[in-house]
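The values are calculated or read from the model by the stated rules, or taken from the named source; none is laboratory data. In this text the structure is predicted, and so the values were computed from the model without any measurement. Reconstructed Cβ throughout: ideal geometry from the backbone, glycine too, with neighbour counts over all protein chains shown. Protein only, heavy atoms only, side chains kept; ligands, DNA and RNA dropped before computing areas. Shrake-Rupley method; radii C 1.70, N 1.55, O 1.52, S 1.80 Å.
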Amino acid sequence: MRSIKHIHGDKAPHWVGDGFYVKTLFNHLDNDPYFNHRHTDPFLLLDYGQPTNFASNPNFETQPHGVGQHPHKGFETVTIAYSGEISHADSAGGYDVIQQGDVQWMTAGRGIMHEEFHSPAFGQSGGDFSMVQLWVNLPSAHKLTDPKYQTLKRHDLPIVNLTDSENGRAIGKAAIIAGEWQSTMGAASTFTPINMWDIELNSAGSTTLQVPNSHNVLLLVQEGTLLINATPVSAGHLVQFAAPTDTDSDINFTNAQAVAQASDSIELTYTKSSDDEHAPTPVKLLLLSGEPIGEPVAGYGPFVMNTQAELKQTFRDYQTGNFGK
Ligand code: MN
């Protein structure tokens, strides 16, 4: 079993533009010795926008809520819409609106400009808005890759049933955004081994997740309360699991095969609350795991490179009109 190292949460929310009210649950710039980039690698940053109600925006056409044109370089941004709708447009021609359960996976690579707004339809109607944005690092070999945009609609995501360990009954499901669940492959193409599973538990029971023992592992609890490895965790918290047990990066092929197959388990137990027997609150979770890239990170604002020299050059390029070239 992969043990829990720490349960994080209770961060003050802040606005990103005027559209996204988020808690930054981790950031590669953090220097907490017990929870820094080494513990989240290959993930750089997690912004969680818990459900927030927006009134109808009378200027939804001319002044949509969100963030206007801005650059990114050297990594990927992954946005998951839980409620509400997000529109995106970028300098590489990517454009789409994602709705509840959809995901957009933008590879900034050598440089992209994009804007992120509430969709016109959501701006007009208003309502509950909830999302996650993750920054996923690119290894040096792919940092300057061509920009790319993947829209992953809910119906594109493979759905697997989560079954009770005792009686085999389905107690929930997981949408495999990226990675691999037993033999089911996730919808997104990724540059390094990553699992990203959008999980819902809706009926009482216990189930086991298997994660590679070479991955960093994080689990965001978005709604409800459950036991994770017998420890109670409630909505709004991020579970940091113990460091990978296999950290040998200089392995031969035979060992690599063994490592790829070796996994740790995480036990999820969901019990209906006794006062609400017939209408339990479903539990919603986001599991993130990834093989650490293990390279130096030099990041500032929207750019994440390997060295300070590359970072300085990126700022120079941006100021002189050579960004992304
Ligand atoms: Mn952005």
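Structure notes:
- Only listed residue being at pLDDT 95 or above, more than 22 Å from residue 307 (Cα to Cα) and crowded, with 17+ Cβ neighbours inside 10 Å, chosen from 64, 58: 64
- Among the residues of segment 19-40, those that are in contact with a Gly (Cβ under 7 Å, 6 or more places away or on another chain) and either in a loop (DSSP other than H, G, I, E, B) or open to solvent by 30 Å² or more (accessible area, probe 1.4 Å) (or both) comprise 19, 21, 28, 29.
- Of all residues in segment 93-120, those that are open to solvent by 30 Å² or more (accessible area, probe 1.4 Å) and part of a strand (DSSP E or B) have Cβ atoms under 6 Å from Cβ atoms of residues that are of a type in the set (A, V, I, L, M) and within 13 Å of the ligand (Cβ to nearest atom), 6 or more apart or on another chain, in 95/89; 115/89.
- Which listed residue, of 40, 79, is in contact with a strand residue (DSSP E or B) (Cβ under 9 Å, 6 or more places away or on another chain), touching a residue at least 24 places away in the same chain (Cβ under 8 Å) and farther than 22 Å from residue 294 by Cα: 79
- Those residues of segment 186-206 which are in contact with a Leu (Cβ under 7 Å, 6 or more places away or on another chain) and assigned to a loop (DSSP other than H, G, I, E, B), in sequence order: 187, 188, 191
- Top-ranked residue of segment 67-83 - restricted to ones that are away from the ligand (no atom under 13 Å from the Cβ) and open to solvent by 10 Å² or more (accessible area, probe 1.4 Å), ranked as nearest to residue 123 (Cα to Cα): 83
- Of all the listed residues (112, 86), the sole one being within 12 Å of the ligand (Cβ to nearest atom), under 17 Å from the mean Cα position of the chain (by Cα) and farther than 19 Å from residue 216 by Cβ is 86.
- Close pairs (6 angstrom Cβ cut-off, 6 or more residues apart or separate chains): touching a residue at least 60 places away in the same chain (Cβ under 8 Å) in segment 128-143, open to solvent by 10 Å² or more (accessible area, probe 1.4 Å) and within 13 Å of the ligand (Cβ to nearest atom) anywhere: 133/47; 135/45
- Taking the conditions (1) more than 16 Å from the ligand (Cβ to nearest atom); (2) open to solvent by less than 50 Å² (accessible area, probe 1.4 Å); (3) touching a residue at least 12 places away in the same chain (Cβ under 8 Å) in turn, residue 168 satisfies each one other than (3).
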